[in-house]
Amino acid sequence: MCGSWSTRSPAGRPDRLVAMSRLVIRGARHPGDIAVEDGRISAVGPVEAQPGDHVLRCDGDIVTAGLVNTHHHLYQWMTRGRADGCNLFDWLVHLYPVWGRLSVDDVRAAAMVGLGELAATGCTTASDHHYLVPRGDDEVFDAIVDAAGTVGLRLHLSRGSMDLGESRGGLPPDHVVEDRDAILASTESVIARHHDGEMVHVVVAPCSPFSVTPELMVESADLARRHGLRLHTHLCETVEEQAHCLERFGRRPVEMLEDWGWVGDDVWLAHGIHIDDDEIAMLGRAGTGIAHCPSSNARIAAGMCRVTDLRAAGCPVGLGVDGVASNEVGGLFPEIRQALYTARLREMRPDALMPADVLEIATSGGARCLGLDDVGRLAPGQRADLAVWPGDDLADVQDPLAGLVLGPDRRARHVLVGGRPVVVDGEVVGIDLAGAHRDLAERSRRLWDGA
Ligand code: ZN
């Protein structure tokens, strides 16, 4: 049985109480007690009671570091369940024109649901790669930041972009791409408006080799490095992408990455599937990260990421849900087991990836991809970003972490971000998640009615 936040003073909001007093999580089966002070973990293991402690009983529950999502497209929630059975390029061609009609309010509504679902499934740091800004409406980034603040998650806000339309050899229709100078000016503005290095990190993120010009890739890298920010893009997702690069440039995608000056420890790539041994060694030496999105990769049959080889080479590897149009769930917890199963199947080796490995990928591996060294671990000094998982049904399982990873899907009982409660007793406290789902479903119906 798990205690709840009922110990808080009826007059006080839980976040204020947590900020003013020490919070002690007691009775968890793993890792034992945890003390939280000033937004950070101050002790793990037996914690002696002090007067004024705010105690959260979690008897028999399992506590992990909050999950870190390294790749997502929140806006895609409105187009889930479409273009199934298509490969990546056909799927994109089907959806680009629909995405081009999304309003800023649509994106805000999708972000509320997407971030709410991430919180409910134990995520504390989210990434959103938003690359459709068809009318130059970069208020869309304000809307996404607003949603993250309302839900209470840390956000890596990737200012995505596309500047290569169909008429110049790109995949997206011309009306959904932007002018390169406008993209760079907007990116500067988004950085100035939103990057605080704590709750919001702005990332510079041209979309993919078949939707951007080499000039945008090079200038984006310059811009990011002038500001000390990270770079993110899709790469090596499908064999079709590789064929496109060989045909258009006579170069493999990773060779192009080198040409653009994008091989470095300030870069993480979404997918990273079709990479050969030499390329893995080079990316590993550089410390370039990979966002592994196993469900999305399976849905569109993109391939299976060489997770164990990448990790052995030194690449940070994190998990990503990817957009819900290619994932259909939008929760990070299910990706943990999917990643474990995918690695074992790919290698035909039952110990290719063990529960502790995949939990590390879902937490500290993701944090490394995002350039964060103070989230992702349950250790003194780390930010108090953590997830409490119900453990009632796992009491008979010998290894609680293995039970968590291999057992039934579950939603978090409580989630803290910087010690502040974001999910309490299974409810996302910042928003009415059920109401947000209803609003989004109605918007989605209107979007498709207008198709
Ligand atoms: Zn993606």
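For the stretch 280-383, which helices (runs of 4 or more DSSP H) that fit wholly inside it have 3 or more residues that are away from the ligand (no atom under 16 Å from the Cβ)? It would help to see each step written out before you state the result.
On the way: elements: 294-299, 307-313, 333-347, 355-360, 366-369.
Helices (runs of 4 or more DSSP H) meeting the threshold: 307-313, 333-347, 355-360.
Which members of the stretch 429-451 meet the condition of being out of contact with any strand residue (DSSP E or B) (no Cβ under 7 Å at 6 or more places or on another chain) and in contact (Cβ under 8 Å) with a residue 40 or more places away in the chain?
Step one: of the stretch 429-451, the residues out of contact with any strand residue (DSSP E or B) (no Cβ under 7 Å at 6 or more places or on another chain) are 431-451.
Of everything in the stretch 429-451, those that are out of contact with any strand residue (DSSP E or B) (no Cβ under 7 Å at 6 or more places or on another chain) and in contact (Cβ under 8 Å) with a residue 40 or more places away in the chain turn out to be Ile431, Leu433, Ala436, His437, Asp439, Leu440, Arg443, Ser444, Leu447, Trp448, Gly450, Ala451.
Being assigned to a loop (DSSP other than H, G, I, E, B), open to solvent by less than 60 Å² (accessible area, probe 1.4 Å) and closer than 29 Å to Arg337 by Cβ is the requirement here; does Ile273 meet it? Spell out the reasoning first.
On the way: assigned to a loop (DSSP other than H, G, I, E, B): yes; open to solvent by less than 60 Å² (accessible area, probe 1.4 Å): yes; closer than 29 Å to Arg337 by Cβ: yes.
Yes.
Restricting the first residue to the stretch 291-310 and requiring it to be at negative phi and open to solvent by 10 Å² or more (accessible area, probe 1.4 Å), which pairs with a second residue that is away from the ligand (no atom under 12 Å from the Cβ) and of a type in the set (Lys, Arg) meet a Cβ separation below 8 Å and a spacing of at least six or different chains?
Pairs that qualify, where the first residue is at negative phi and open to solvent by 10 Å² or more (accessible area, probe 1.4 Å) and the partner is away from the ligand (no atom under 12 Å from the Cβ) and of a type in the set (Lys, Arg), are Met304/Arg346; Arg306/Arg346.
Quick one: in the stretch 221-246, which of the residues that are among the small types (Gly, Ala, Ser) and open to solvent by 40 Å² or more (accessible area, probe 1.4 Å) is farthest from the chain's Cα centre (by Cα)? Don't jump to the end; show me each part of the working.
So the first thing to find is which residues in the stretch 221-246 are among the small types (Gly, Ala, Ser), and the list is 221, 224, 228, 243.
Subset that is open to solvent by 40 Å² or more (accessible area, probe 1.4 Å): 228, 243.
Details: Gly228: 21, Ala243: 28 Å.
Filtering first and then ranking leaves Ala243.
Could you count how many residues in the stretch 220-257 are within 16 Å of the ligand (Cβ to nearest atom), in contact (Cβ under 8 Å) with a residue 40 or more places away in the chain and among the aliphatic types (A, V, I, L, M)?
Counting residues in the stretch 220-257 that are within 16 Å of the ligand (Cβ to nearest atom), in contact (Cβ under 8 Å) with a residue 40 or more places away in the chain and among the aliphatic types (A, V, I, L, M) gives 0.
Within the stretch 314-326, track down each residue that is farther than 18 Å from Val239 by Cα and surrounded by 17 or more Cβ atoms within 10 Å (Cβ to Cβ).
Taking the stretch 314-326 as the starting set, the residues that turn out to be farther than 18 Å from Val239 by Cα are 314-325.
If the condition is that a residue be farther than 18 Å from Val239 by Cα and surrounded by 17 or more Cβ atoms within 10 Å (Cβ to Cβ), then Cys315, Pro316, Val317, Gly318, Leu319, Gly320, Val321, Asp322, Gly323, Val324, Ala325 are the ones that fit.
Quick one: count up the residues across the stretch 154-196 that are touching a residue at least 60 places away in the same chain (Cβ under 8 Å) and part of a helix (DSSP H, G or I).
2
The values are calculated or read from the model by the stated rules, or taken from the named source; none is laboratory data. Computed from a predicted model, the values in this text were never measured in an experiment. Cβ atoms come from the backbone with ideal geometry, glycine included; neighbour counts cover every protein chain shown. What goes into the accessible areas is simple: the full protein's heavy atoms, side chains included, and nothing from ligands, DNA or RNA. Shrake-Rupley method; radii C 1.70, N 1.55, O 1.52, S 1.80 Å.
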